[in-house]
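What follows is one structure encoded as structure tokens, with my remarks underneath.
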Amino acid sequence: MVILSSLKNCFQLFYVLKISAAGFKYTANRGLILQSVSSDVYQNLAMEDWIHDNMNLENRQVLFLWRNSPTVVIGRHQNPWQECNLKIMRKKNIKLSRRRSGGGTVYHDLGNINFTFFTSKKKYERMENLKLVVRALKGLQPQLDVCATDRYDLLLDGNFKISGTAAKLGRTVAYHHCTLLCSADKINLSSVLKSPYKVIKSNATPSMPALVKNLFEEDPTLTCEMVMDAVAAEYARCHQIDHHITLINPADETVFPGINNKTKELQTWEWIYGKTPKFSISTCFNMVYEQSLLEVKVDIHVKHGRIEVCNIVLPEQWLPPAMCNELEKNLIGSKFCPSETTALASTLLRICPQNYELHSKWSLLCENVMTLM
Amino acid sequence: MAALRALRRLGASLAPRCPGRCGPLISPRTGRPQAASARSLGTGALLCAARKFTDKHEWISVENGIGTVGISNFAQEALGDIVYCSLPEIGTKLNKQDEFGALESVKAASELYSPLTGEVTEINATLADNPGLVNKSCYEDGWLIKMTVDNPSELNELMSEDAYEKFIKSIED
């Protein structure tokens, strides 16, 4: 039986979370099941950080349930240019976020459920958590062929990935989180998780692409709500606590002091793009200008999301060398970002000779360089 | 938890077992830190810097005022194959216990905590292309950062190698 507490209970929750002395139910001591009312990925990731940093998990474990509106989530040490299609994401208004745990890139939408299992470092045990999820699913649908692999994925029918795992080990607390595809938009998923680049050289951690499936395709009665409830029930059974899900609002600073700062940090360019391990793009591409095909060679090195080295080689005299050098010089130090490059290119254009041919060549070159970003 | 605290107190008064070894800078008689003079191992002009350990499984070895920091064998085994090392910039100022980076392994992303207060002077650039060095040679080639030692007295709060070995035995139980 699920009892969803209203937000009014958040005040009680504050004490449950912060004070370990008497004054609340014994069962809250051993375990808590929390569910976010927000579908904002940054707020939900901030909630994970807050629990990790503030809760005393020595003798207590927490399960956190959350879902996000369409977003791509990359791992701590990954390269977004390498992992997803930023152009399509910008067009479709799909957010990009970077989580603090390791692992690969995933697509979230409201058809995907995220489970975060918080424990002390000692009790960190990913396989046990996954077995719990499998038991919950089989409880709902005994015919379901779902199992955990030694890479901590969950596979449906032995072939299709329905869940991926990542984790973070902190000072005294650990968390293991995993996704679960119930009814996610697979078309969006495959279009955004394919990078247009083949030419990035980087030591960022790569993702392992996999065939995916939704639980819903196997059994249309398996909705997100049912699955979340089943996992919560199994968690409650294992930890001998009440099957009681507390709704929490990750934007509530009174219950979670400091959480809005965490949310802000997760949204900064410096965190999302700037944390990318250094990489370089060395490529040739062709431009068409007035029926001639021109070859352009570009070599760009990016560190902390900013251009460190920039070499653009054009056919001789196609553009005055001074102009090209000016572009290269100004790109160095700027963010590897199309909007910043557009602004830069427009500024530079204003100070160069007012000549239609030069302007159109310049715009063509800048447009092409920007497609790399 | 109480046992661990007791162990830490005990660690400070453990006598070195092998006289010829580079032992902890603790007087066996009083249990108090000796004046800072590392016993050398005999041959060579290089002073042996006694390795000290934190309860988060980092080690630091100080030589000529510069501390070299890495993770212990216990830690590298627990982490599994390391696939990425995220290290700070040179010049970063760290307080003791500040987070200074992370190691990503097949197991998880794990934070790294500074054993002492100081400034980062060098980072191990070979780890960028070869993060597995931390697993293969955690005490030698797999070092992580070098840093200045702003408060040498903080070294006394860390565990000697013997104390650390006892510490990990206690957590394994």
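Please determine whether any residue of the stretch B:136-144 is under 18 Å from B:PHE100 (Cα atoms), at pLDDT 95 or above and touching an Asp or Glu at 6+ places or on another chain (Cβ under 7 Å). Looking for residues that are under 18 Å from B:PHE100 (Cα atoms), at pLDDT 95 or above and touching an Asp or Glu at 6+ places or on another chain (Cβ under 7 Å), one finds none in the stretch B:136-144, hence no.
Restricting to the stretch A:171-203, name every residue that is surrounded by fewer than 21 Cβ atoms within 10 Å (Cβ to Cβ) and either assigned to a helix (DSSP H, G or I) or within 14 Å of chain B (Cβ to nearest Cβ) (or both). A:ARG171, A:THR172, A:LYS186, A:ILE187, A:ASN188, A:SER190, A:SER191, A:LYS201, A:SER202, A:ASN203, listed by residue number.
Restricting B:LEU127, B:LEU133, B:LEU116, B:LEU103 to those that are crowded, with 22+ Cβ neighbours inside 10 Å and either of a type in the set (Lys, Arg) or away from chain A (no Cβ under 12 Å) (or both) reduces the list to B:LEU116.
The number of residues in the stretch A:284-311 that are under 26 Å from A:GLN78 (Cα atoms) and without any contact (Cβ under 8 Å) to a residue 60 or more places away in the chain comes to 14. Scanning the stretch A:309-360 for residues that are surrounded by 12 or more Cβ atoms within 10 Å (Cβ to Cβ), at pLDDT 85 or above and assigned to a loop (DSSP other than H, G, I, E, B) turns up A:LEU314, A:PRO315, A:TRP318, A:LEU319, A:PRO320, A:ILE332, A:SER334, A:PHE336, A:CYS337. Of the residues making up the stretch A:93-138, those that are in contact with an Asp or Glu (Cβ under 7 Å, 6 or more places away or on another chain) and modelled with pLDDT of 95 or more number 8.
Look at (1) touching a residue at least 60 places away in the same chain (Cβ under 8 Å); (2) part of a strand (DSSP E or B); (3) in contact with a His (Cβ under 7 Å, 6 or more places away or on another chain) and you find that A:LEU96 fails only one, number (3).
Restricting the stretch B:87-99 to residues that are surrounded by 19 or more Cβ atoms within 10 Å (Cβ to Cβ) and within 13 Å of chain A (Cβ to nearest Cβ) leaves a set whose member that is farthest from B:ASP129 (Cα to Cα) is B:PRO88. Listed here are the strands (runs of 3 or more DSSP E) enclosed by the stretch A:10-75 that have at least 3 residues being closer than 19 Å to A:CYS238 by Cβ and modelled with pLDDT of 85 or more: A:31-36, A:61-66.
The values are calculated or read from the model by the stated rules, or taken from the named source; none is laboratory data. Keep in mind it's a predicted model, so treat the numbers as computed, not measured. When we count neighbours, we look across all protein chains shown, and the Cβ atoms used for this are built from the backbone with ideal geometry, even at glycine.
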